[in-house]
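Take a look at this one; I'll ask things after.
Every number in this text was worked out from the coordinates using simple rules, so none of it is lab data. Keep in mind that what you see is a predicted model, and the values were worked out from it rather than measured. Don't worry about glycine lacking a Cβ; one is built from the backbone with ideal geometry, like all the others, and counts go over all protein chains shown.
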Amino acid sequence: MKWVTVFLTCCILGSQYHLWFAKGGWHDMWRLENEVTAQETENNMLILRNNALSAEVKDLAEGKDAIAEIARVDLGYIQDGEIYYRMVDARRGN
């Protein structure tokens, strides 16, 4: 009876080895779940970036306000009839 118990225990442990340690077991499943979570986080960040870019493209395609704003910020564009004031910091002497 003692040998039967030892034999059955060895069989159970042997069958559990594949579940815990072999390829496709619990260890791989946990690793893949972590990779999926990281990929979902990256995908959400990319979706937000794509939405912002789509909104900017829509603004550029539909109206001149966005183009004028970009020209003002990046190129220093001033429209006719506007007055440009430059504020100089007296402490720095610029």
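Work out which helices of the chain, taken as complete DSSP H runs, extend at least 18 Å along their axis over the Cα atoms and score a mean Kyte-Doolittle of 0.5 or more, then list them. Before the final figure, lay out the partial values.
Working: long enough: 2-20 (27 Å, 0.83); 26-62 (53 Å, -0.71).
Helix filter hits for the chain: 2-20.
Please work out the FRET efficiency for the pair LEU32 and ALA52, using the Cβ-Cβ distance as r and a Förster radius of 30 Å; give the result to the nearest 0.05. Before the final figure, lay out each step's value.
Numbers: r = 31 Å, r/R0 = 1.02.
Taking R0 as 30 Å, the efficiency between LEU32 and ALA52 is 0.45.
Taking only DSSP H segments of four or more residues, each worth -39500 (n - 2.57), what value at 222 nm results for the chain once the sum is divided by all its residues, to the nearest 500 deg cm²/dmol?
-25500 deg cm²/dmol
Give the distance, in whole Å, between the Cα centre of the stretch 43-83 and the Cα centre of the stretch 2-21.
67 Å
Another question, if that's okay. If only Cα atoms are counted, what is the Rg of the chain, and what is its Dmax, in Å?
32.7, 104
Could you work out how far apart the two model spin labels at MET45 and ILE83 are, taking each label as a point 7 Å from the Cα in the direction of the beta carbon, and quote it in nm?
Computed distance between label sites MET45 and ILE83 equals 4.7 nm.
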